[in-house]
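Remarks on the structure that follows.
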Amino acid sequence: MSERVGERGEMTPSAQPAELKKIMMVPLDPVHDVGLKLIRRALCERGHEVVLLPPDLSPEEVVEKAREVRPDCLLVSRTISYGTAEVLARFLDLLDTAGLRDTMRVAVGGMSIRPELAQEMGFDAGFGPDTTVEEAVAFVEGRQLCERGSQPSLLKPDLTQGFSYRFKDEEVGRLCGEIARELLDWARDRTSPGVIRAQIREEMEKARAEGNHEGVTKLREEYARLTGDEILRFYREGVPVSHTRPLTPAEISAFSALEDKARQMEGPVRPASAGIMQDRVVFIQYGTGCPLMDGHHILLSQAWGARGVVHFDPSWGARQEGFLEGAWSHQHDGTVITLENLKLIKKSILPSNLWQVRAHRGLNTPETVVLAALAGADLTKINVVYGSLAAGTDPERLCVDGVKCLELAARFGLPYDVVTNEELAGVPAAKAFAGMLVVMAAGILLNGRPILQPLFARSPEAIIGGIMDEDFVDFNAAKVAVLTNIVDAPIWPGAPVGFLTQSQDRAQSSTMTGLHAALAFSLGATAVTVASSDEAYAGGPITGAARVDSLQSVAAAIRFFGRTKISPSPRAAFLAEKLREDILKTLKSALSAGSFVRALYEGVFGSREEGAYPGRAGRGTVTRRP
Amino acid sequence: MLENPGPGGLSPTVVGIAGTAKNTGKTTTLNEVIRLLSEDNTPFAVTSIGFDGEDFDTVTGLAKPRVFVPEGSVVATAQPLLKAAGADFQEIRDTGVRCALGRVFVGRVSRCGRVVLAGPVTTRGLLQLVRFLSQTARVNLVLVDGAFSRMAPLCLASHLIVATGAARNEDVSALAGEVTGIGTVMSLPLLGSAKFAGDIESTREVELGTSLMVRSSVPGGVAMLRRAAKEGFLTVRVTGPVSPFALEEFVGLLGSELPHLRLRFVLDHPVNLLVGGQASRWPQAIASVTGKGHEIAVRRSTTLVGFTLNPYRPAFEESSGRYRAEQVDAAWFLKEMRKRTAFPLTDLVLEGPFLLKLWMSGISRKPLLER
């Protein structure tokens, strides 16, 4: 076994072995192997008898010793190169001819060992450089590492558990409350096609579940009347939206295999990831356009430690009134939101992991929340400010739809994050935070479970203002500090972390992601969202290998820092204080504007100079309720 | 050593293809044997005591020949490899044997194609598999592909083809010496043969386990004989590996301490000597033993059919840290080897399969002329 065996020396807690074994360990290299000593410690702790031979013995001497000791298991450590593999193969021949081979299990470990090489040499198992102590012990004890009962099952995390949502900063809380109440009052007697379609969709799915086909048809007709041109053409004439095609029956059948795989996965494939990542909730983003490929990416990411996945839909979908029905593949980035697509994708998500379907922009946000709930999603994403200032949706429309989303999320019990992606457009963090806090306050008033999602990014504000010229720690720490001081609520940095700090170099990109994730957890984040190492530059489909890069990097960074704290410099406290002042200023301006909606149009939460442009999609579609 | 049913090996016929090192041409030999059997419509099963048929060598990373199996043949390999094979299979069964890559399954080839072989790695595992193939899959001929220079499980074979070549040693004299050593060892007489009738009658038997494995164990072995011996003859059963140097030292020491004692060394199988190392030393060691009036016999044996010779060798480049494929002059290599050893040799690529076909006809008991 190599020196790099195991990330952690401690054993995963499990039942005591059913039978104690006698193990002989042999470093056939000229020097002792630290890896063998680590494994010896673990075996002794579990009550097994271990004989560790000195290094540099000949194969014949080891065979003689094996005759004397009569172990149940023999573990050999050796560096492999051309010629030495044959030495080991001969060693096994000696054991066999001496009548000992069938009396014991024999395994080999080393830096260049792979199972195929172990098989070729004649060993019962081979352990490479990433072998953990747990795997070696499981082999000795004759069990599968992840068998039921030997490892605790993972529980699905609740990101909002333990938070009171109490505003600690009374002044900010009071202002947020006032603005939020005004928003809710304003929205109460207003509606939009998006709101109505959400209602119809819910009724349609209820009718479908009851087998009421006539009802479904009738409701579909009603639904179609409220859709935009391309979606209407689909319902009337069956013409697919451009750049989409239906999934084939073979593609749909293929999801069964994904579901089987998800069921078989007890947790992350690599035990090291299970230990390090299992209590840190790391989300990845998927949305290749093809639900089947998404399923594979999701499985892969979960195997490498992701505890949550976020659905990315195509941006054109946000500008269309209405959703398609059926299972669709999309030629470009973003996977079309339909109930059928979501249900298929759900098959690849482990029961212990989280799934978010976003409803933070566009003309279909309320219906997205409905579909998310019907498909079994765990979370959604809602923010009126970002969607209306940096994602093209008309502020009035998104305020109506957004409030509906808050109501629906509360009704369905779906927590949601409130993201500040408008920072990427240039909006200063303070203004973005002010908007986020108002939306959160509205959500709290509606008995929802909002989660704050500040950006951990090198935003235009940071670039132009030089705020992150010296480090990427202080400003992010200040963001978390100001929010933590304002309200007792979960914080989930995204989306993804490290945005605009990464380059086309996959190593650099992964490192930045890992460090940002570690920083977030060090600051007390409940979860983080990470991108694959090529996501910013792929210009097309991202690769599975790039996802693994990022997740490996996050695992390594978490392992590196452990439970230690990353301390920002005194500058962070100064930045946090400045953020608070500016948040207050923004909130007061919003109050002065007389209405939240007007404040959005007037640039209170982000001006045109700062890069925020009130959207136009859905303009003029808000009506008063009858 | 495991007991097995017959004096010459198992029923069914088991043909082992061993190598003296990696990259000596076992897979090429195996593929050629498969092709000949297929041409002849002789049904067979194939497995490996190692890992064979992969795209790239596990150590050098150089490309390797693949294993192709014809329709109707039976393959025994690790379950994941059966699933991933290029061939299709039916009548798939779990043999109950395990290997490093999972449980060994057998399947009958319904559509020919490529397969990677990984079978039992121990003698007991191979015995279990061969019994399974005979009783459940009704197979009469089993090909067992070797691994590295591993020999021990191939003691179950009734027939053995040994692949050797420049990858083992480019020095023709040394390589020929090794081939002669292997051939000499494999030619040791069976205990039950006419050679031993009447000449030396053994009434007492002493067992030396691994006392002849290394020279340092020799004094202990001699001491054991001292206690057991009177003047006359003694049968010494050796159950473990035997080193030629240890054996020579043993008889030397015996000669000075118990000069009137004559021994019949009885080994389980010639493989006990081959795994002891230094095959080229064996003719000298055996001569030293028999020259002093002792005998060497084996309880079971395997018929050595012949050697295939491969001029290929992977050469390690220090500068790049990688291996590259090279070869010695094939015609010269074969000619020089034949000058130095009397044991049958062929280069399949240079000469074609004629000699191999002749050998196989002997194994499958079909006269060549009948084809």
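Just so it is clear, none of the values below were taken in a lab; they were calculated from the coordinates. If you're wondering where the values come from, they're calculated on a predicted model, not measured in any experiment. Backbone-built Cβ (ideal geometry, glycine too); neighbour counts: all protein chains shown.
For this structure, a couple of remarks:
- Here's the list of aspartates and glutamates a cross-link from B:Lys339 could span, going by alpha-carbon distance under 19 Å and ignoring same-chain residues fewer than 8 apart: B:Glu170, B:Asp171, B:Glu178, B:Asp329, B:Asp347, B:Glu351.
- Degrees separating the helix A:570-592 axis from the principal Cα axis of chain A, which is the longest one: 30 degrees
- Gaussian network model of chain B, Cα within-10 Å springs - most flexible of B:Asp94, B:Asp347, B:Asp52: B:Asp94
- Peptides A:210-218, B:121-129 ordered by average Cβ neighbours within 10 Å, highest first: B:121-129, A:210-218
- Residues of the stretch A:371-393 with an amide N closer than 14 Å to a point placed 7 Å from the Cα of A:Arg411 along the Cα-to-Cβ direction: A:371-374.
- Rounded tilt (10° steps) of A:213-224 against the dominant C-alpha axis of chain A: 60 degrees
- Sorted fewest first by neighbouring Cβ atoms within 10 angstrom, A:Lys404, A:Lys381, A:Lys565, A:Lys347 come out as A:Lys565, A:Lys347, A:Lys404, A:Lys381.
- Potential lengthening between A:Val87 and A:Val239 on full extension [0.36 nm per residue; Cα-Cα distance subtracted]: 47.9 nm
- Positive-end residue, the protein assembly as shown charge dipole about Cα centroid, Cβ charges, pick of B:Ala152, A:Leu324, A:Phe127: B:Ala152
- Across the options B:Ala297, B:Ala342, B:Ala279, the greatest Cα extent toward the positive end of the charge dipole of the stretch B:271-356 (unit charges at beta carbon of Lys, Arg, Asp, Glu) belongs to B:Ala297.
- If the chain linking B:Leu350 and B:Gln327 were pulled fully straight, counting 0.36 nm for each residue of separation and taking away their Cα-Cα distance, it would gain 7.0 nm.
- Straight-line cross-link reach from A:Lys381 at under 18 Å between alpha-carbon atoms covers these lysines, not counting any fewer than eight positions away in the same chain: A:Lys346, A:Lys404.
- With a cut-off of 9 Å between beta carbons, the residues surrounding A:Gln356 carry a summed charge of 0, where Lys and Arg count +1 and Asp and Glu -1.
- Spin-label model, A:Asp260/B:Arg114: points 7 Å from Cα along the beta carbon direction are separated by 2.5 nm.
- Range of Cα positions in the stretch A:407-539 per principal axis (Å), largest first: 45, 28, 27
- Peptides A:556-564, A:191-199 ranked from most to least packed, by the mean per-residue count of other Cβ atoms within 10 Å: A:191-199, A:556-564.
- Inter-label distance for B:Arg262 and A:Gln504, nm, one decimal - labels placed 7 Å from Cα along Cα-to-Cβ: 8.6 nm
- With Cα atoms, 0 to 90° folded angle of helix A:544-561 axis to chain A main axis: 80 degrees
- Segment A:Thr564..A:Glu222, full-extension length gain: 117.4 nm, with 0.36 nm per residue of separation and the alpha-carbon distance subtracted.
- In this simple spin-label approximation, B:Asp171 and A:Arg608 carry label points 7 Å from Cα along the Cα→Cβ vector, and these lie 8.9 nm apart.
- Residues of the stretch A:97-133 with amide N under 20 Å of a point placed 7 Å along Cα→Cβ from A:Lys37: A:109-111, A:129-133
- GNM top mover of B:Arg215, B:Arg322, B:Arg300 - chain B, alpha-carbon springs below 10 Å: B:Arg322
- Reachable lysines from B:Lys22, criterion Cα separation under 22 angstrom, eight or more residues apart if same chain: B:Lys64
- Gyration tensor verdict on the protein assembly as shown (Cα atoms; rounded if a/c is under 1.5, prolate if a/b is larger than b/c, oblate otherwise): prolate
- Computed log₁₀ I(q)/I(0) - Debye formula, equal Cα scatterers, no solvent, the stretch A:3-140, q 0.18 Å⁻¹: -0.98
- Residue-averaged [θ]222 nm for the protein assembly as shown, counting only DSSP H segments that reach four residues, each worth -39500 (n - 2.57): -12500 deg cm²/dmol
- Sites B:Glu207 and B:Ala287, calculated FRET efficiency, Cβ-Cβ separation with R0 25 Å, nearest 0.05: 0.50
- Dipole magnitude of chain A about its Cα centre (Cβ charges: Lys, Arg +1; Asp, Glu -1), debye to nearest 20: 1520 debye
- Dipole of the protein assembly as shown, positive end: most advanced residue of A:Gly606, A:Phe412, A:Ala593 [Cβ charges, Cα centre]: A:Phe412
- DSSP bridge pairs, chain A: antiparallel proportion in percent, nearest 5: 10 percent
- Peptide A:64-74 is shielded by partner chain Cβ atoms: per residue, an average of 1 of them sit within 10 Å of its Cβ.
- Peptide A:121-134 has a mean shielding of 3, counted as Cβ atoms of other protein chains within 10 Å of each residue's Cβ.
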